Amino acid sequence: MAKSGDGKKPDTKTENVKPEKPEPKKTDLHPKADDLNQVYKKSNGAYCLICGVTRRDKVCKAYAGRGTDHLGYGRCKNHGGSCTGPVTPEGKAIAAQNSRIHGLYAKVLLPHEQKIFEQLHQAKDLGLENEIRILKTKILSYLEKWRFEYVNNYQDVKKLGGTEETALEFANKKTTVWASFVSEAGNTTGRTCYQAATIEDRALDRALRTLANMVEKHARLEGINGEDLLSQLNQELRAASLGKVGLSWGGQPKGGGQVADGS
């Protein structure tokens, strides 16, 4: 083999390396790619479009539109890709006003609360009914936050070999809230504590009473069975808490059993 002018052999390995292709744009892979779709580089170096839905900080890497009639873009079948949206005139009319409804609540609800609200939302712009949903969302979000805190601390102690009594005591301590108070006369101050997200929680108690009054009024206006509404509400509240929170007409919370293991 002939040598190059400088006496060194040519680096055939370097010469044979192909330059890496730049990452394509989403629309290069499919013109209908949307905001959630992501460009993904496979192990063989090829690029593809993936579903892109994020759940618990994990991105769905299924092929965009996998299992649907629109393979190549949009969601996969596990994340709503098969949903065709409203097809009736009534459904399309409701969908047309969703941006106005959701835009209003986006200013009121925190990002994680918006997800809860969407699950409760029935696409009916009925004033009082939507006010009920907003308050329900706030309450459920609050209960879920403290339930998560309680269960995590309880399980941490159990994993370290702690006893049931020790685990419950630690979880209760971690979910105890201290607050300052001033007497009605204004001449006495001090500190008090309560168990968050239980019937001891005064802020929660006020919210529950307000919710009960709103639901009772709605039931009267609509002429529907208030007990059915109450039963559904209590199921949601107990599922979001530790099974201790419930409603009765007039707003007096009812206690329930205790769930310490998160089941």
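What follows is calculated from the coordinates using simple rules that are stated; it is not laboratory data. Bear in mind the structure is a predicted one, so any value in this text is a computation, not a measurement. Cβ sites come from the backbone with ideal geometry, for glycine too, and all protein chains shown count toward neighbours.
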For the range 25-79, alpha-carbon Rg relative to the globular expectation (2.2 N^0.38 Å, N residues):
1.03
By the gyration tensor of its Cα atoms, with a ≥ b ≥ c the square roots of the eigenvalues, what is the shape of the range 168-208: rounded for a/c under 1.5, prolate for a/b over b/c, or oblate?
oblate
Computed ³J(HN,Hα) along the range 38-44: with the Karplus parameters 6.51/-1.76/1.60, θ = phi - 60°, integer Hz and x for glycine or proline, the list is 10, 7, 10, 9, 7, 4, 8
So who's got an amide H within less than 5 Å of the one on A62, skipping anything under 5 residues away but keeping other chains? H placed 1.01 Å off N, in plane.
C51, G52
Rounded to the nearest 0.05, what FRET efficiency is calculated for E169 and V59 with R0 set to 35 Å and r the Cβ-Cβ distance?
0.35
